[in-house]
Amino acid sequence: MIPLELDVVAALAAGKLTRTSGAERITGVQVDSRRIRPGDLFVAVGRGVDFAGEALAGGAAATLIPEEPFAAFAALGSAVRERSSARVVGITGSTGKTSTKDILGALSAPAARTVAAEASYNNEIGVPLTLCRLEPDTEICILELAMRGFGQIADLCRIARPEIGVVTNVGPAHLELVGSLEGVLRAKGELIAALPARGTAIVPEEFPVERDDVEVVRLREPEFAVEEGRAVVGGVSFNFSSRHQAANAAAALAALDALGLPRPDRVDVDFSRWRGEEIELPGGGLLINDAYNANPVSMRAALAYLAARAGGRRRVAILGDMAELGAGGPAFHREIGEAAAKHGVQALVAVGELARCYLDGAAGIAVTRWAADVPAAVAAAREVVEPGDCVLVKASRAVGLEAVAEALAAVGV
């Protein structure tokens, strides 16, 4: 991290600042006391107050109990950003933003000193934490920007000041908070509105951009091939084979081009957890753990991928609720049940209240089960899944279906 003097920290963030004897500056920021390294600032959020002493014992230069946590993080992230010459890329979208971030990070790291957001560090705390990882020699910073309502992306952009903005796509996500697809479009558009003059907007083909002082790059359906088990997109060989990742790769390549960095011939991407992880199961089976999050667009893509990967294997889908879809939630779930049947799913386990509606659309699926919660889903999965099956596990983050995937992977079937 670009160091900050503790006197500067005290001026930036109101709250209780406790310094270690002799400490004059910080060289990192953490919210998890288990990750403290010497010189870090531990910012105590929520129950983190109980671990402030542990952070100091672990070598923290100081601890901060902020009066307003989000404001404190914004101030710290902004201060580091102002001291950095790194070029910042902001990525948002209804689906694929984390994977696009992961792909771009893998593409840019060989050619430039790169900091990319961990996992899904994409909110009022995660974005400043990523900015606080910038070093004096960092050249590229890749951020993921979340949207849970109007104004959030704009607020994050005021902290991060991206010069390249990527919108992967616009679909029915967070409708409960923004009302309609038009609302999603408006919220995602806050990233493009925040770009500086002569910045670059990388957007879907039909995405409206009213500005004439930024370069606009339109994302179109990429050419996609699989060679020796690896996807080839834009002349680059990637260590995945799923078609829906091809669109994310194309967006990442467009950002790489905007940064002026060379395209490698071959790259291996270390994707964030629970996003299409594949694990072998007994009898030649395969588990696709895509349990991190879900909305109607990503559900359809995951079901298509299940069908493609299954081959002649029995297709099993363990699907939980899709959150924040508003009044249209039941209809969206029913349509995904229909999509599961269309993609040849032979056994469907629906998890959660809204997930009952998957079953309403699941005509033709031979085996169906409903589970109220994760423990019941684990039991249902063990009952339904057979050796040799290809199994998809997917739901919105709040459902926590990774526990089902982990149970299947741990004990087999």
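The values are calculated or read from the model by the stated rules, or taken from the named source; none is laboratory data. Fair warning: this is a prediction, and the values are worked out from it, not measured in the lab. All Cβ positions, glycine included, derive from the backbone under ideal geometry; neighbour counts span all protein chains shown. Side chains are part of the model used for accessible areas, which takes the heavy atoms of the whole protein and leaves out ligands, DNA and RNA. Shrake-Rupley method; radii C 1.70, N 1.55, O 1.52, S 1.80 Å.
Structure summary
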| read-out | value |
| --- | --- |
| Matching residues, region 172-201, being surrounded by fewer than 18 Cβ atoms within 10 Å (Cβ to Cβ), within 23 Å of the chain's Cα centre (by Cα) and in a loop (DSSP other than H, G, I, E, B) | 179, 180 |
| Restricting region 366-401 to residues that are in a helix (DSSP H, G or I) and in contact with a Lys or Arg (Cβ under 8 Å, 6 or more places away or on another chain), the residue that is surrounded by the fewest Cβ atoms within 10 Å (Cβ to Cβ) | 383 |
| Subset of region 303-334 [out of contact with any helix residue (DSSP H, G or I) (no Cβ under 7 Å at 6 or more places or on another chain) and over 23 Å from residue 241 (Cβ atoms)] | 327, 329, 331 |
| Any hit, region 343-356, residues being in a loop (DSSP other than H, G, I, E, B) and within 22 Å of the chain's Cα centre (by Cα) | no |
| Matching entry among 340, 304 (being surrounded by fewer than 19 Cβ atoms within 10 Å (Cβ to Cβ) and either touching a Gly at 6+ places or on another chain (Cβ under 9 Å) or part of a helix (DSSP H, G or I) (or both)) | 304 |
| Looking only at region 349-365, and only at residues there that are in contact with a strand residue (DSSP E or B) (Cβ under 7 Å, 6 or more places away or on another chain) and more than 12 Å from residue 329 (Cβ to Cβ), the one that is most open to solvent (accessible area, probe 1.4 Å) | 359 |
| Hits in region 202-223 - residues which are touching a residue at least 12 places away in the same chain (Cβ under 8 Å), part of a loop (DSSP other than H, G, I, E, B) and under 17 Å from residue 190 (Cβ atoms) | 207, 208, 209, 211, 213, 214 |
| Of the criteria (1) part of a helix (DSSP H, G or I); (2) in contact with an Asp or Glu (Cβ under 9 Å, 6 or more places away or on another chain); (3) not aliphatic (A, V, I, L, M), which one residue 53 fails | (2) |
| Test result for residue 319, crowded, with 17+ Cβ neighbours inside 10 Å, in a helix (DSSP H, G or I), touching a strand residue (DSSP E or B) at 6+ places or on another chain (Cβ under 7 Å) and not acidic (Asp, Glu) | no |
| Test: residue in region 95-110 that is open to solvent by less than 10 Å² (accessible area, probe 1.4 Å), in contact with a Leu (Cβ under 6 Å, 6 or more places away or on another chain) and in contact (Cβ under 8 Å) with a residue 12 or more places away in the chain | yes |
